[in-house]
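Asker: Handing you a structure now.
The values are calculated or read from the model by the stated rules, or taken from the named source; none is laboratory data. Owing to the predicted nature of the structure, the values given are computational and were not obtained by experimental measurement. Neighbour counts are summed over all protein chains in view; Cβ atoms, including those assigned to glycine, are modelled from backbone coordinates with ideal geometry. The protein model used for the area step is the full one, side chains on, heavy atoms only, and it has no ligands, DNA or RNA in it. Shrake-Rupley method; radii C 1.70, N 1.55, O 1.52, S 1.80 Å.
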Amino acid sequence: MRGVFRTGKVNRGKNGSGINGNRAFNLIIGGTLVASVVFALLLIVSTARYIRWKHFFDVLLSREILFALKLSLFVSTVASLIAVSFALPISYALSRFRFPGRNIIDTIFDIPIVLSPIAIGAVLLIFFNNTIIGKFVEEHIVRFTFEIPGIILAQFVVVSALAVRLLKSTFDSIDLRYEGVIRTLGATRFQSLIHVTLPMAKHGIVGAFIVTWARAIGEFGATLTLAGATTMKTETLPIAIFLSFAKADVQQAIIVILILLSLAIAVLLLIRKLSGEVMTW
Amino acid sequence: MVMVRDLSLRVGDFELKSIDFHVESGEYCVFLGPTGAGKTLLLESIAGLIPIDEGEIVLNERRVTNLPPERRNVGYLPQDYALFPFMSVRKNIGVGLRLRRMDRNEIDKRVVEIAKELGIVHILDRMPLRLSGGEKQRVALARALVLDPEILLLDEPYSSIDAGLKRSLWWFIKKLHRRIKKTIIHITHDLEEAYTLAEKIGIIIDGRLVQFGERESVFRYPKSPAVAKLLGINNILSARVVDKRGNRIITNWKDNRIVLYAGEKADDIEKDKELHFCIRPEEVKVVSNGDIESVGKVESNVIYGEIIASVPYGGVGTFYLKAMNNGIDRHFDSDYDFEIKLPQERFEYLKLHVGKRVSVRLVPERIHLFDLA
């Protein structure tokens with residue numbers, strides 16, 4: 001047995017295994033990490049160079065930017081609320097029931113996640129402009145094209161798939177035994193949903209709302225196609241960046257970028273807090 | 001009373017087939033089976049959580065086959081108890097009464113009452129996450145019992161609890177059962193647990209109820225090798241019939257003469273038929289210690305062999321014997337031929353260490369013949 005412990009040298013192979021191999025491995029991992037941090041810093045520094053601090057607050061508090069901020073907060077809140085409300089029953093059904101065509105439906109709900117948002121916007125635009133039903137809705141119920149309801153609809157379609165995905169995994173993670181027990185204690189299926197499933201899904205639902213909201217506020221492609229980019233009318237924050245560049249106003253674009261960046265950081269912190277993680281630096 | 005008639009159901013690739021049994025009111029019935037045998041499915045179908053394809057379920061003269069779980073009035077304790085983590089113990093116990101829209105004061109009164117009975121009044125305002133395994137069990141029982149269910153269904157209640165605590169929980173549930181006199185159906189894969197608690201026992205293997213009956217009759221007379229193995233009997237032998245006189249059967253097992261009594265099964269036994277039988281490890285007797293001179297002498301039911309492993313543990317000594325014929329080891333095919341248990345005192349007196357050669361006797365009356373194929 002003693003021999004076994006004396007043969008430590010065996011581990012040090014010639015071709016990249018053993019200790020030398022570990023060094024190369026660590027170098028690749030560490031190098032990638034450092035490179036990406038350097039790249040991010042470069043991005044921030046080069047962007048910050050364009051800020052003219054003298055006019056910073058003038059632009060930030062200008063009517064146009066405030067309008068875009070308010071509009072963005074409003075439409076993405078409405079869109080993600082509707083998305084989560086629709087996604088709740090759908091994801092519950094996908095998670096709890098086995099029915100024919102379930103897998104197909106499940107896949108259909110994945111399409112908006114991977115499809116280019118501009119294509120989604122285009123499909124919606126064609127529907128409201130070129131079909132009888134679409135035209136009827138436009139003329140008699142709500143006008144979507146190039147109007148604020150259009151932004152909400154575009155964002156809703158883009159983010160609802162995400163909400164379904166997130167909520168389905170929330171429901172999937174809730175052990176069926178809890179629902180089983182409450183049923184034997186006298187609850188109907190609906191009561192078991194109200195008394196057990198939803199309270200247990202609470203964090204997941206709030207989390208899904210925050211993530212869809214964050215995704216909605218950054219939505220650009222579908223919004224642009226369906227609702228257009230009219231200054232002070234359908235101008236959300238991303239559209240404002242687009243319009244700023246169109247008129248070569250880099251300063252204004254950067255300020256909007258900063259607003260979106262702060263919202264993104266706030267959302268990330270909130271999600272971490274929700275999932276119970278402790279922030280460590 | 002629980003009566004299940006010819007119950008069949010299919011979930012994906014798995015199938016429960018023609019399950020048929022009857023448990024009297026107030027009886028403690030344990031279903032024993034390996035993991036994945038379908039025990040949980042059976043329990044869930046009695047609770048109404050899984051629809052059955054065929055058959056009938058009757059609880060206390062009430063056909064419940066097509067009733068939803070909320071109308072069956074069964075107390076169900078799933079594995080790990082599934083206490084609702086967002087409710088205090090008090091709320092957990094009272095949730096069934098709240099669903100019945102009972103008056104708040106009445107709910108509180110009944111919750112405290114059942115909590116007193118189970119000794120958990122002091123933890124009523126705690127959250128389930130902070131409870132020990134034993135406390136969780138009591139809360140789950142209180143949550144079910146407060147509704148006065150017709151039966152209690154326990155799904156592997158002790159599978160994630162460590163051995164020491166487990167035993168004290170067995171006693172708790174046994175005492176409770178004596179007091180409340182409810183019919184209990186309990187499933188487990190733990191042999192000792194089943195033996196400690198059961199009055200009736202059912203053996204489930206591969207979705208089939210292969211044996212069901214009084215605890216003693218099942219433990220004593222397993223119907224098949226698979227049941228015997230599950231009951232911890234590892235001495236399962238296959239031998240060919242050499243001769244038959246009435247119900248006294250003489251067989252040949254690896255050139256050893258083994259005599260056994262077939263009882264009523266004798267009628268179906270002919271010469272040259274292969275028989276399968278078993279003998280409990282504690283019923284194999286050590287007859288001669290050390291090397292014997294009379295190796296050549298053929299004596300029925302005496303097996304000569306070498307000890308290849310020995311485990312003295314917990315007051316019982318277990319050793320594993322490999323049979324040898326005329327001192328020559330002919331059987332390299334199996335690890336051991338017999339598992340033998342005897343009281344540790346005797347085990348030490350006989351100095352049964354590895355490498356020692358002994359003769360053991362299989363008492364004919366103690367050999368149990370399995371059902372004939």
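Asker: Is there a quick way to get the dipole size of the protein assembly as shown? I mean about its Cα centre, with the Cβ of Lys and Arg at +1 and of Asp and Glu at -1; what is the value in debye to the nearest 20?
Answerer: Approximately 1760 debye in magnitude.
Asker: Give the average, rounded to an integer, of partner chain Cβ atoms located within 10 angstrom of each Cβ in B:67-76.
Answerer: The per-residue average across the peptide is 5.
Asker: Let me ask you something else. Between A:212, A:234, A:131, find the one with the highest GNM mean-square fluctuation for chain A; connect C-alpha pairs within less than 10 Å.
Answerer: Its mean-square fluctuation being the largest, the pick is A:131.
Asker: Next up: Within chain B, what whole-number % of the accessible surface is contributed by carbon and sulfur, with the 1.4 Å probe and all protein chains included in the calculation?
Answerer: After summing per-atom areas, the C and S share lands at 47 percent.
Asker: In Å, what is the Rg of the alpha-carbon atoms in the protein assembly as shown, and how long is Dmax?
Answerer: Using the Cα atoms of the protein assembly as shown, the pair Rg, Dmax is 36.3, 115 Å.
Asker: What's the magnitude of the charge dipole for the stretch A:55-274 around its Cα centre, counting Lys and Arg as +1 and Asp and Glu as -1 at the beta-carbon? Answer in Debye, nearest 20.
Answerer: Charge dipole, the stretch A:55-274, about its Cα centre: 700 debye, nearest 20.
Asker: Nearest 10 degrees is fine. How inclined is helix B:104-118 to the longest principal axis of chain B, computing both from alpha carbons?
Answerer: Long axis of B:104-118 versus the principal axis of chain B: about 20 degrees.
Asker: What order do you get for B:174-187, B:255-268 when each peptide is scored by the mean count of other beta carbon atoms within 10 Å, highest first?
Answerer: B:174-187, B:255-268
Asker: Further question on the same structure: Just to verify a number: FRET efficiency for residue B:308 and residue B:240, C-beta to C-beta distance, R0 = 22 Å, to 0.05?
Answerer: That pair, residue B:308 with residue B:240, gives E of 0.30.
Asker: Can you give me the % of accessible surface on chain A that is carbon or sulfur? Probe 1.4 Å, all protein chains present, nothing else counted.
Answerer: Here it works out to 70 percent.
Asker: I would also like to ask the following. Which of the lysines could a cross-linker bridge to residue B:182, judged by Cα under 17 Å and excluding same-chain residues fewer than eight apart?
Answerer: Qualifying lysines at Cα under 17 Å: B:174, B:200.
Asker: Summarise the partner chain shielding of A:171-178 as one whole number: the mean count of Cβ atoms from other chains within 10 Å of each residue's Cβ.
Answerer: 3
Asker: What FRET efficiency would be calculated for the residue pair residue A:131, residue A:246, taking the C-beta separation as r and a Förster radius of 45 Å, to the nearest 0.05?
Answerer: 0.90
Asker: When Cβ neighbours within 10 Å are restricted to other protein chains, what is their mean count per residue of peptide B:80-89?
Answerer: Whole-number average of other-chain Cβ neighbours for B:80-89 is 3.
Asker: Which residue, A:66, A:234, A:103, has the largest displacement toward the positive end of the dipole of chain A when charges sit on each Cβ (Lys, Arg +1; Asp, Glu -1)?
Answerer: Of the listed residues, the answer is A:103.
Asker: Of A:208, A:152, A:77, which is farthest towards the positive pole of the stretch A:55-274's charge dipole, taken about the Cα centre with +1 and -1 on the beta-carbons of Lys, Arg and Asp, Glu respectively?
Answerer: Ranked along the dipole, the leading option is A:208.
Asker: Need one number: nm distance between label points at residue B:265 and residue B:288, each 7 Å from Cα along Cα→Cβ, rounded to one decimal.
Answerer: 3.0
Asker: Rounded, prolate or oblate for chain A? Axes are the square roots of the Cα gyration tensor eigenvalues, ordered a ≥ b ≥ c, and the cut-off for rounded is a/c under 1.5.
Answerer: Oblate, since a/c reaches 1.5 and b/c is not below a/b.
Asker: Suppose each label sits 7 Å from its Cα in the direction of the beta carbon; what would the residue B:348-residue A:60 distance come out to in nanometres?
Answerer: Distance between label points: 8.4 nm.
Asker: What is the interface area between chains B and A, defined as buried accessible area summed over both chains with a 1.4 Å probe, reported in Å² to the nearest 100?
Answerer: Summed over both sides, the interface buries about 1700 Å².
Asker: Turning to a different aspect of this structure: Using label points projected 7 Å from each Cα along Cα→Cβ, tell me how many nm separate residue A:39 and residue B:98, to one decimal.
Answerer: It is 5.2 nm.
Asker: Let me ask another. Can you give me the span-like helices of chain A, meaning DSSP H runs with 30 Å or more of Cα extent along the axis and Kyte-Doolittle mean at or above 0.0?
Answerer: A:18-48, A:63-96, A:148-173, A:250-274
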